[in-house]
Amino acid sequence: MKYKKKKTTKKLIITIMGHVNHGKTTLIKCIIKKKYHYKEPGNITQKINTYFTKTKYGKITILDTPGHAAFKNMRKQVINITDLIVLIIAVDDGIMPQTIEIIKYAQKTKVPIIIAINKIDKINYLENIKNIKKEISQYNLIPKEWGGKNNFLEISTKKKIGINNLIKTIFLEASNNNKKSIKDTYGVIIESTTEKQGIITTLILKKGKLKIGDLILSDYHLGKIKAIFDNNNKKINIIHTFTPVKILGFSSIPSSGKIFTVIKNQKTAKKLIKQRKNIILSKKYIKENKKDIKIKFTQHHNNKLNLIIKGETFNSSKAIIQLIKSTFKKKKYKLIKLDIGNINKTDILLANTSQAIIIAFNTKTENNNVKKYADKLKVKIYYFNIIYKLIEKIKNIISILHKRKNKHQQGKAIIKNIFKSPNNSNIIAGCLITEGQIKTTDTIKIKRNNYLIFKGKLKSIKIFKKKVNYVKKGQECGINIKNFSHFKIGDIIKTHK
């Protein structure tokens with residue numbers, strides 16, 4: 001007697017990636033075939049969104065990633081999670097810097113890519129497609145019709161052209177590139193945020209079973225599953241593989257893109273945490289402990305923008321600080337705290353103590369009392385829900401601070417002596433530079449007993465009869481000023497703009 005083999009349903013995690021406004025979210029709508037009501041501020045994706053759907057070829061978990069340049073790190077993390085990337089390129093826009101970035105990351109991690117050229121409903125698109133294929137071929141992605149190994153599919157998310165063929169190709173491509181499961185691992189952390197009930201973590205189970213009450217560990221972050229929510233935010237009791245869910249239970253925020261495992265008991269968990277903690281605490285974003293905060297309070301960072309960043313999700317917070325780092329190479333800021341969730345009294349107190357501003361991305365103050373506390377301590381809070389507006393504001397703040405810094409660092413000198421030049425043509429002020437530096441090109445003002453008595457230009461600066469272009473703090477020099485010679489010992493010379 002012959003027994004029929006049980007048919008196994010294929011399950012995949014795929015990621016839709018591409019530049020802003022190239023059609024990522026619209027493509028997801030076409031694949032999941034459901035009404036999509038949620039809109040992010042500015043109509044741009046700013047966090048990792050997860051979707052699950054069944055097709056005639058198998059089940060798909062879809063990750064939607066931001067295309068904005070600020071979310072580079074977020075896209076990099078997702079590539080490590082996914083089984084396959086669908087790289088979408090708008091035919092009327094072509095290849096952008098983010099497109100190349102995604103290709104390089106994918107090739108480095110050996111994740112297969114399908115190129116979906118979108119918006120073919122546009123007029124005269126054929127020449128553009130040819131140019132896109134030609135340009136991408138420079139990165140060793142060669143279309144199959146040119147003798148290569150890569151699928152280049154033409155679609156229109158607006159007209160729903162080529163969508164079924166894309167889904168079919170996704171499963172065929174994934175079948176040809178099956179990755180072996182990592183032994184003894186159960187799933188991947190996608191994203192974390194905080195709500196009233198606690199830390200809510202989006203995750204995908206890749207192997208085994210999970211249920212309410214189970215202990216899970218990611219790096220040194222331990223969680224006991226108290227509640228599970230499906231994609232429709234309904235409570236469920238069991239987590240199925242390859243289905244994105246949200247759980248309540250982590251006591252601290254796990255990092256996105258990290259593996260989590262099931263732990264038998266608290267004793268085993270504590271042992272593993274102890275082993276891992278020294279390694280994890282050396283990472284970039286795990287900095288906050290009592291010793292670090294004490295050091296930050298005792299060190300004075302003159303003229304740097306002290307920042308406390310509170311984001312809606314862990315990834316968005318990191319994206320913001322990554323962008324600031326890449327924008328301001330000379331590190332004109334000091335990161336005091338990087339966290340998620342609403343702003344609380346502890347944040348206000350920390351901002352006040354460290355003279356920091358608070359950047360809130362898709363978050364707010366916990367209540368009116370916190371807001372009043374901030375007003376009382378004159379702590380500045382800047383609220384944003386669109387990443388590029390936040391970027392513009394931070395650039396503006398740092399620019400203003402830089403101008404103040406320059407003003408603060410301009411020179412100050414006290415007149416210690418007065419003498420005539422050898423030919424008696426000029427009156428020279430013998431000075432000691434007490435702050436910053438003074439240059440011959442500077443505009444100066446002279447104060448006597450805190451009263452301004454003159455504004456003008458420098459004529460020359462000399463050290464031991466030798467002309468110099470500038471002098472700095474601690475040096476003594478002779479200063480000659482245009483159209484002014486009525487110096488008195490004790491007068492103060494300051495440069496200004």
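Please give the FRET efficiency for Lys389 paired with Asn423, using the beta carbon to beta carbon distance and R0 = 60 Å, rounded to the nearest 0.05. Provide the component values of the computation, followed by the final result.
Values: r = 62 Å, r/R0 = 1.03.
Here the calculated transfer efficiency is 0.45.
So, taking all protein chains as they sit and a 1.4 Å probe, how much accessible area belongs to Lys457, in Å² rounded to tens?
Solvent-accessible area, nearest 10 Å²: 100 Å².
Return P(r) of the range 120-232 (all Cα-Cα pairs; 10 Å bins starting at 0; whole %; ordered from short to long distances).
The distribution over the range 120-232 is 10, 27, 21, 22, 17, 3, given as percents.
Going highest first, how would you order 312-320, 444-452 by mean Cβ packing within 10 Å? Each step should come with its number before you reach the end.
Numbers: 312-320: 24.6, 444-452: 13.1.
Ranking, from highest mean packing down: 312-320, 444-452.
Step through the table entries Lys33/Lys110; Lys11/Lys168; Lys445/Lys488; Lys209/Lys258, compare each Cα-Cα distance with 22 Å, and write down the pairs that go over it.
On the way: Lys33/Lys110 30 Å; Lys11/Lys168 13 Å; Lys445/Lys488 14 Å; Lys209/Lys258 18 Å.
Distance filter (> 22 Å) returns Lys33/Lys110.
If you plug each phi of the range 54-61 into the Karplus form 6.51 cos²θ - 1.76 cosθ + 1.60 with θ = phi - 60°, what whole-Hz ³J(HN,Hα) values come out, in order, with x for Gly and Pro?
These are the phi-based 3J(HN,Hα) values: 9, 10, 5, 9, x, 9, 10, 9 Hz.
List the residues whose amide H sits under 5 Å from the amide H of Phe52, counting only those 5 or more places along or on another chain, with H placed 1.01 Å from N in the peptide plane.
Distant-sequence amide H within range of Phe52: Ile62.
Can you compute the FRET efficiency between Leu452 and Lys473 using 1/(1 + (r/R0)^6), with r the Cβ-Cβ distance and R0 = 22 Å? Round to the nearest 0.05. Please list the in-between numbers first.
On the way: r = 23 Å, r/R0 = 1.03.
E between Leu452 and Lys473, to the nearest 0.05, is 0.45.
Using θ = phi - 60° and the Karplus relation 6.51 cos²θ - 1.76 cosθ + 1.60, list the HN-Hα couplings for the range 95-103 in order, rounded to whole Hz, with x at every Gly or Pro.
With coefficients 6.51, -1.76 and 1.60, one gets 7, 10, x, 5, 4, 5, 4, 5, 4 Hz.
The values are calculated or read from the model by the stated rules, or taken from the named source; none is laboratory data. As the structure is a prediction and not an experimental result, all values here were calculated from the model. Glycine gets a Cβ as well: all are built from the backbone with ideal geometry, and neighbour counts include every protein chain shown. Remember, those area values only see protein heavy atoms, side chains included, never the ligands or the DNA or RNA. Shrake-Rupley method; radii C 1.70, N 1.55, O 1.52, S 1.80 Å.
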